[in-house]
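Reading through the structure tokens given below for one structure.
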Amino acid sequence: MIPVNEPLLNGNEKKYLNECIDTGWISSEGPFIKKFEEGMASYVGRKYAVAVTNGTAALEMAVEALGIGDGDEVIMPSFTIISCGQAVVKSGAKPVLVDSEYDSFNMKIEDIEAKITPNTKAIMIVHIYGLPVDMCHILALAKKYNLKIIEDAAEMHGQTYNGKMCGSFGDISIFSFYPNKHITTGEGGMVLIDDEVLYERCKSLRNLCFSPDGNKRFIHEELGWNLRMTNIQAALGVAQLERIDEFVAKKRWIGNMYQELLSDIKAVNLPIIKKNFANNIYWVFAITLKDNYPKSAKEVMKELGAKGIATRPFFYPMHKQPVFNKMGLFLDNNLPNSEKLYEKGFYIPSGIAITKEQIREVSKIMHEILN
Ligand SMILES: *Cc1c(COP(=O)(O)O)cnc(C)c1O
């Protein structure tokens with residue numbers, strides 16, 4: 001079976017992990033945390049970074065740190081991972097969903113303004129699959145209506161918008177380091193921030209809001225979480241970050257190879273190669289079946305699986321999630337592109353460790369099944 005994703009851990013990962021064990025620094029104290037945070041902040045061009053346990057936790061912390069809660073609304077795409085919606089719902093605020101562009105997978109900018117109300121506190125933008133959201137319009141809206149921006153850059157390490165790094169646009173921006181992301185710590189996440197007050201707040205929320213006053217160590221004025229990343233995870237992160245340029249180049253090489261090899265398959269739409277503000281970084285190689293193609297994505301994925309090619313379905317639209325519908329949320333939402341993307345879309349193997357031979361094999365089987 002050719003897996004959808006396999007990470008590449010053959011740089012300094014082992015050496016740095018051994019250092020953790022040899023020195024005994026295995027908790028969230030230890031030198032790699034700060035090194036990883038500073039490395040990411042400098043790579044993305046932010047003042048501060050706070051490493052946490054995963055990307056989902058980073059989103060929850062971002063919502064809480066911005067003071068979003070009961071009665072507030074946050075605008076976000078329906079076509080994204082549950083983490084985005086649940087971070088807002090769990091805070092007591094309400095997600096307000098917009099549809100996505102069918103070809104770029106990113107939220108429809110032109111639909112946002114009509115959804116802004118006096119309760120809107122933030123826009124959560126999510127760069128999906130490989131191309132960034134067209135940020136200049138979002139930044140203008142945020143300024144006009146005095147809204148915060150939470151930027152989910154979990155799939156976008158190394159991508160730029162008009163030459164500026166993704167992860168540099170939010171009041172709080174987040175990354176994930178799950179093994180299918182461009183760089184991985186096994187499990188892991190991070191928030192990036194320029195504002196010092198927000199930075200201190202995030203550090204406090206990560207660590208149970210312990211009092212900074214040593215005399216009041218176990219006296220708490222607020223509730224936080226334990227979201228501390230371990231030195232072991234950060235050791236992996238430091239080793240991975242050393243190779244990020246190479247990994248980003250490899251992702252683009254994989255994407256370009258698939259573009260060439262699959263261009264003659266009439267049954268599918270291939271991902272957009274570039275926009276005027278960015279070249280696709282191909283976090284995943286995301287395909288939709290043409291409208292006139294008779295089979296569903298589910299059927300095609302099954303046939304590919306039977307021939308040894310692993311695939312993944314697209315996100316299930318947030319407004320259709322049973323868990324939210326049961327709470328009475330999104331029942332009247334009509335967001336057809338998000339629904340159609342789920343029906344027609346899937347992605348194929350494109351992990352950092354994939355070989356040229358594996359890519360050729362995927363292409364061969366795709367031709368057998370789809371032509
Ligand atoms: C992966 C991902 C997350 C969640 O990250 P975890 O580390 O798996 O919790 C959030 N948002 C997007 C867009 C993602 O792709």
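For segment 157-216, which GluC sites (Glu not before Pro) are in a loop by DSSP, counting at most 12 other Cβ atoms within 10 Å?
Details: sites: E187, E196, E200; in loops: E187.
For GluC sites (Glu not before Pro) across segment 157-216 that sit outside H, G, I, E and B with at most 12 neighbouring Cβ atoms in 10 Å, the list is empty.
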Rounded if a/c is under 1.5, else prolate if a/b is larger than b/c, else oblate: which is segment 143-241, with a ≥ b ≥ c the root eigenvalues of its Cα gyration tensor?
oblate
At what distance in angstrom do the alpha carbon centres of segment 322-371 and segment 160-191 lie from each other?
21
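Show that you can apply the helix-only estimate: for the chain, add -39,500 (n - 2.57) for every DSSP H stretch of four or more residues, divide by all residues, and state [θ] at 222 nm to the nearest 500. Show your work: numbers first, answer last.
On the way: 12 runs with 137 residues, N = 371.
Mean residue ellipticity, 222 nm, calculated: -11500 deg cm²/dmol.
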Using the Karplus curve 6.51 cos²θ - 1.76 cosθ + 1.60 with θ = phi - 60°, work out ³J(HN,Hα) for each residue of segment 107-113 in order, rounded to whole Hz, and write x for Gly and Pro.
4, 6, 4, 5, 8, 6, 4
Simple spin-label estimate for E110 and K274 in nanometres, 7 Å along Cα-Cβ:
2.5
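With a ≥ b ≥ c the root eigenvalues of the C-alpha gyration tensor of the chain, is it rounded (a/c under 1.5), prolate (a/b larger than b/c) or oblate? Show your work: numbers first, answer last.
On the way: a/c = 1.93, a/b = 1.23, b/c = 1.57.
The shape class here is oblate.
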Dipole check, the chain, charges on Cβ (K,R +1; D,E -1), about Cα centroid: among A58, T288, A93 the Cα furthest to the positive pole belongs to T288
Selection from L131, V300, S168, by position along the positive dipole direction of the chain (Cβ):
V300
Debye, to nearest 20: dipole size of the chain, +1 on Lys, Arg Cβ, -1 on Asp, Glu Cβ
540
Between N280 and residues 5 or more places away or on another chain, the pairs with built amide H atoms under 5 Å apart involve K274, K275
Sorted by packing (mean other beta-carbon atoms within 10 Å per residue), highest first, where do 10-18, 147-155 land?
147-155, 10-18
Could you give the distance between the Cα centres of segment 203-221 and segment 278-320, to the whole Å?
46
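Using Cα pairs under 8 angstrom and six or more residues apart, how large is the relative contact order of the chain, in percent?
Details: 768 pairs, mean separation 87.3, N = 371.
Relative contact order for the chain comes out at 24 percent.
When DSSP assigns beta bridges and you keep just the ones with both residues in segment 13-241, what percent turn out antiparallel, to the nearest 5? It would help to have the intermediate numbers written out before the result.
Values: 14 of 30 bridges.
Bridges in segment 13-241 are about 45 percent antiparallel.
Ordered by packing density, taken as the mean number of other Cβ atoms within 10 Å over each peptide's residues, highest first, how do 209-215, 310-316 rank? Each step should come with its number before you reach the end.
Details: 209-215: 10.7, 310-316: 18.3.
My ranking of the peptides, most packed first, is 310-316, 209-215.
Mind putting a number on the dipole of segment 77-188 about its Cα centre? Charges go on the C-beta only, +1 for Lys and Arg and -1 for Asp and Glu, and I need it in Debye to the nearest 20. Intermediate results must be reported in sequence, preceding the final value.
Working: 10 positive and 12 negative charges, 90 e Å.
Magnitude of the dipole: close to 440 debye.
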For T184, what accessible surface area do you get with a 1.4 Å probe? Give it in Å², rounded to 10.
10
Show which lysines lie in cross-link reach of K34 when reach means a straight Cα distance below 28 angstrom and same-chain residues fewer than eight apart are skipped.
K14, K15, K47, K148, K164, K181, K203, K216, K250, K251
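Is the shape of segment 244-370 rounded, prolate or oblate, going by the alpha carbon gyration tensor and its root eigenvalues a ≥ b ≥ c, with a/c under 1.5 for rounded and a/b larger than b/c for prolate? Mind dumping the intermediate values first?
Working: a/c = 1.96, a/b = 1.48, b/c = 1.33.
Here segment 244-370 falls in the prolate category.
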Just going by the charge dipole of segment 22-122, with Lys and Arg at +1 and Asp and Glu at -1 on Cβ, which of P31, P77, T117 is farthest out on the positive end?
P31
Under Karplus coefficients 6.51, -1.76 and 1.60, residue-wise ³J(HN,Hα) of segment 101-106 in Hz, glycine/proline x:
5, 5, 8, 9, 6, 8
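The values are calculated or read from the model by the stated rules, or taken from the named source; none is laboratory data. Just so you know, these numbers come straight off a predicted model, no measurement behind them. Note: ideal-geometry Cβ built from the backbone for every residue, glycine included; neighbour counts use all protein chains shown. Note: areas computed on protein heavy atoms with side chains; ligands, DNA, RNA excluded. Shrake-Rupley method; radii C 1.70, N 1.55, O 1.52, S 1.80 Å.
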